[in-house]
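Notes follow the structure.
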Number of protein chains: 4
Amino acid sequence: MNIAQANDLVLMLAPDEKRFLIRLSAGAQLHTHRGFIPHDAIIGQPFGNAVKTQLGQRFLLLQPSTFDLVMHVKRASQIVYPKEIGYIVLRMNIVPGARVIEAGTGSGGLTLALSRLVRPDGRIYTYEERDDMIELARKNLERIGALDVVEIKQRDIRAGFDERNADALFLDVREPWMFLAQAHAALKGGGFFGSLVPTANQLTDLLREMESWGGWSDVQVIEILMRQYKPVADRLRPEDRMVAHTGYLLFARAVARMPARAEIEQADEQTESE
Amino acid sequence: MNIAQANDLVLMLAPDEKRFLIRLSAGAQLHTHRGFIPHDAIIGQPFGNAVKTQLGQRFLLLQPSTFDLVMHVKRASQIVYPKEIGYIVLRMNIVPGARVIEAGTGSGGLTLALSRLVRPDGRIYTYEERDDMIELARKNLERIGALDVVEIKQRDIRAGFDERNADALFLDVREPWMFLAQAHAALKGGGFFGSLVPTANQLTDLLREMESWGGWSDVQVIEILMRQYKPVADRLRPEDRMVAHTGYLLFARAVARMPARAEIEQADEQTESE
Amino acid sequence: MNIAQANDLVLMLAPDEKRFLIRLSAGAQLHTHRGFIPHDAIIGQPFGNAVKTQLGQRFLLLQPSTFDLVMHVKRASQIVYPKEIGYIVLRMNIVPGARVIEAGTGSGGLTLALSRLVRPDGRIYTYEERDDMIELARKNLERIGALDVVEIKQRDIRAGFDERNADALFLDVREPWMFLAQAHAALKGGGFFGSLVPTANQLTDLLREMESWGGWSDVQVIEILMRQYKPVADRLRPEDRMVAHTGYLLFARAVARMPARAEIEQADEQTESE
Amino acid sequence: MNIAQANDLVLMLAPDEKRFLIRLSAGAQLHTHRGFIPHDAIIGQPFGNAVKTQLGQRFLLLQPSTFDLVMHVKRASQIVYPKEIGYIVLRMNIVPGARVIEAGTGSGGLTLALSRLVRPDGRIYTYEERDDMIELARKNLERIGALDVVEIKQRDIRAGFDERNADALFLDVREPWMFLAQAHAALKGGGFFGSLVPTANQLTDLLREMESWGGWSDVQVIEILMRQYKPVADRLRPEDRMVAHTGYLLFARAVARMPARAEIEQADEQTESE
């Protein structure tokens, strides 16, 4: 049934498109810039209907999307945005059942999105060092009920990851090139690697280390730009300003480390002489 | 176990990054521009390893991602690209268990991607009128084993959709504004609506019809641009050319149709006079 | 000589890159967020040198570029930005000696830039209806000494332009499609037409009118996007946010109006039967 | 008079928008994919009129713009595109009378554009090492009659530039950071410096050298992206593909070299103790 019930996480959309994400609880109240609504007036309403504040302002009762949940994460750090997360999902083969490692957790926005997509049997293992981030991410994940498929681990990843044969691994850390061996050890053969870095210098450092370390193939580097339009039929135009940069995305596949070129040539010579 | 087996769908990556998507079958052969490989030489190999052609060229044995599968769809029409599909997934709340309607099917690229993400309990209902497209999409979906969660329906959608209370509905048709009532009837309250149109004219037509018909809220219009880089540490630069446009994406939520403004004012007056 | 002199228009660049455009005048003072500098301390200094405020802050003494002048225009309206002006200059063949018509004047930013490029023998004829804009533009142009090559005309351009055989004509007005006949009459054969409109609707209206009216050829529609980087060697990255849209640029050439298709076919038949 | 005459450089625009740049010469013929036209049939025609081939195809007779001339340069190297040139003109204060240094000349596209804008009294000094490039550029510049304001110098710029107090200097070379001292010596105080490099690595090298060498201020790094639209009123949409990258533009002003930080602090201490 498509009716809001106590304990549901719902999105209330104000007439000016302001958004309120709340967990419905009998007796509680939603206070907004346009008046308040008792949760009891929301509970029992069909989704897609409007509920009025005491000032007569109509708020739409909606189920939040993964997009909404990511955008409502309480953040203490730069989050990974839906435009990047969506592409990560397709490129890194995030599907129901996938076992995915992530570091660092940060505010937990990416963790949250991935956790929704690997259900019911998949699992997200997310690593973070900082106390404050761990606490914040845990709250963000708890709020949407994601903790049953997410394991948060407070750890310095220089020591490596606990998991083996992971399907995918994403590094959202300052120096991802420091952890390539650890990532490779945790991934299954052909496993999906991804990383997000804000500067071109980090990107060249990461590429250089991947080139010299070996063990990575099908490397792709991209940026995703999103251009938003004012959705008005008679005055259609792009918004004046846009997010120009969140980061460079790098993807690769973990493969058997190639023998060094010298070894290859030697082997080839032997083959030829046989 | 992470070992290639007969009947697996695998991606063989050539040294020049050319990609071959094949279903492994004992006795069969993969013929490429760099020589051939008997499938029997692949079967039993661990993923992430290289297998040589008779010419000594190393091909990497990889599991295909959703991205790879979409890009390998045999196409007779413009496909929806991964950069758009990824964003659709987050914005339209495509999660395991979702029931999603789509029209038209086209080559089945979007169908394929969605089908992987709603497993095991979700379902994709995809509508298409044209015989040739139905046949092509069926082949594309069958190849990756998606037909257990996809229903292909050959139908003119002017007559409406069979489903009710769908979680999400995506229109990839020439005149999406013709089918807003049908879409609204098929969606649950607050259900997720999306559409992709190539021209600004179609976009203004769609926006105009949504504005006048009512029943839609939280409308967002965006374009996703992807900029690809040459992944070389010492000569990092964007590719010379990029895809500048695939289409404009429009998203909205199906909500209770508002009474017309006149009716609202009348109702308000009555309330006040009571 | 490359020495600042009384009455020079100079740019003073603060340590935090804030910019002050001033006309040097003996006895005057420049007051800034970092202290003040008497103009007399600037007069006589070589360009490229620093001058200190009483607080010891070093301000660089620079000659302003056309870019700087445009960006310092006092504005009461959306200006045309340097990224667009630069392209206009090349596409519309703005060269020394050119006679250019422009409407409306607005704050005079484009007028200013064009005036610098047609010297010494060219001329800018700029049309504007509004009193307040005329006054503002006159001040902006006077400040940089442009009025000797610019004629400002307060006029409703529905009545047409005074000039004939103009080299180029630029329309920066709300409904440029209303003035195509007037523009065509003012331009020389093959003359350069340009326009800037913020919405896709205006663009389709303009294109439609050009198509039906005839007399225009080599039509090009573009957008110019500028992406700015933080210029730091060790942390190179695009700025977080960018201007996503100022407007759509349309360019065309004024040509002899073609006879309507019917007339052409009739004429061709006659030719053939002769 | 706006009539095509012998020896004029004209642009003939085919019905399919193909463009032919020719120098009119009595007795000569223009051969195209749509038939031929004797130059004598063009000479005497008003610009903006159509001239027919022997096959009845109408070609428009137009005066070429700076844009057209740059795009018609015969090229043996990557050229600087109009979108970048336009911005260079405004940012580097290219105005009538300016003295501008450029290296390397390449095919001469930027040289050509600048030469048109500094007339009648300005001058372009362009440096190039390679014989073949010198020859090609000379032909390209001669064709449009630019050699009276351009001096081509075959020289290794490591030895420096001949000019002093130049208004502006543009480096379009592989390793611009090698020539900062030479550029600084050639520019007037506050003179305009610009450079175009294709890779992020070159950009960080250039930024690093500027930072450590000193003598540069107001550094800006940008990319210009141009998005082209199909100019059709009823099917307005961006072109499918676009040029994603030509290069990163860097601009700076040549200023008095700052004393090193240590020297500044020492000097400040002395000032304070006085």
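The values are calculated or read from the model by the stated rules, or taken from the named source; none is laboratory data. Source: prediction; values computed, not measured. Every residue, glycine as well, gets a Cβ built from its backbone with ideal geometry; the counts of neighbours run over all protein chains shown.
Brief remarks follow.
- Scanning segment C:234-260 for residues that are within 9 Å of chain A (Cβ to nearest Cβ) and either more than 25 Å from C:Arg174 (Cα to Cα) or in contact with a His (Cβ under 6 Å, 6 or more places away or on another chain) (or both) yields C:Asp234, C:Arg235, C:Leu236, C:Arg237, C:Pro238, C:Glu239, C:Asp240, C:Arg241.
- Residue match in segment A:130-139 (condition: within 25 Å of A:Ala256 (Cα to Cα), buried (at least 19 other Cβ atoms within 10 Å of the Cβ) and of a type in the set (A, V, I, L, M)): no
- Taken over segment B:6-18, the residue count meeting the criterion of being of a type in the set (D, E, K, R), surrounded by fewer than 17 Cβ atoms within 10 Å (Cβ to Cβ) and at negative phi is 2.
- Scanning segment B:78-95 for residues that are within 16 Å of A:Thr66 (Cα to Cα) and either out of contact with any helix residue (DSSP H, G or I) (no Cβ under 7 Å at 6 or more places or on another chain) or of a type in the set (Val, Ile, Thr) (or both) returns B:Glu84, B:Ile85, B:Ile88, B:Val89, B:Met92, B:Ile94, B:Val95.
- Here the condition is being touching a strand residue (DSSP E or B) at 6+ places or on another chain (Cβ under 7 Å) and hydroxyl-bearing (Ser, Thr, Tyr); of D:Thr204, D:Thr199, it holds for D:Thr199 alone.
- From the list B:Leu187, B:Leu147, B:Leu196, the lone residue that is closer than 30 Å to A:Val221 by Cα and either in contact with a Phe, Trp or Tyr (Cβ under 9 Å, 6 or more places away or on another chain) or more than 8 Å from chain A (Cβ to nearest Cβ) (or both) is B:Leu196.
- Residue under evaluation C:Phe20, criteria (1) under 17 Å from D:Trp216 (Cα atoms); (2) touching a residue at least 12 places away in the same chain (Cβ under 8 Å), criterion not met: (1)
- Taking segment B:37-114 and the helices (runs of 4 or more DSSP H) fully enclosed by it, the elements with 3 or more residues that are among the hydrophobic types (A, V, I, L, M, F, W, C) and within 8 Å of chain A (Cβ to nearest Cβ) are at B:82-91.
- Taking the criterion of being in contact with a helix residue (DSSP H, G or I) (Cβ under 9 Å, 6 or more places away or on another chain) and not basic (Lys, Arg), the residues of segment B:9-27 that qualify are B:Leu9, B:Val10, B:Leu11, B:Met12, B:Leu21, B:Ile22, B:Leu24, B:Ser25, B:Ala26, B:Gly27.
- Conditions (1) buried (at least 19 other Cβ atoms within 10 Å of the Cβ); (2) closer than 20 Å to A:Leu90 by Cα; (3) in contact with a Leu (Cβ under 9 Å, 6 or more places away or on another chain): number failed by B:Ala166: (2)
- Residue in segment A:59-82 that is at pLDDT 95 or above, on the phi > 0 side of the Ramachandran plot and not assigned by TED's automatic domain parsing to the domain that holds A:His184 present: no
- Every pair of residues 6+ apart whose Cβ atoms lie under 6 Å, when the first sits in segment C:74-95 and is among the basic types (Lys, Arg) while the second is surrounded by fewer than 21 Cβ atoms within 10 Å (Cβ to Cβ): C:Lys83/C:Met226
- Pairs, first more than 7 Å from every other protein chain (Cβ to nearest Cβ) in segment D:215-233, second assigned to a strand (DSSP E or B), C-beta under 8 Å, six or more apart: D:Gly215/D:Ala254; D:Trp216/D:Phe193; D:Trp216/D:Ala252; D:Trp216/D:Arg253; D:Trp216/D:Ala254; D:Lys230/C:Val221; D:Lys230/D:Arg237; D:Lys230/D:Pro238
- Annotation: D:Gln78 fulfils all but one of (1) closer than 20 Å to D:Arg164 by Cβ; (2) under 14 Å from the mean Cα position of the chain (by Cα); the unmet one is (1).
- Matching residues, segment A:143-159, being assigned to a helix (DSSP H, G or I) and either farther than 17 Å from A:Ile79 by Cβ or not assigned by TED's automatic domain parsing to the domain that holds A:Met92 (or both): A:Ile157, A:Arg158, A:Ala159
- Qualifying residue in segment B:117-136 (condition: within 14 Å of the chain's Cα centre (by Cα), among the β-branched types (Val, Ile, Thr) and in a loop (DSSP other than H, G, I, E, B)): yes
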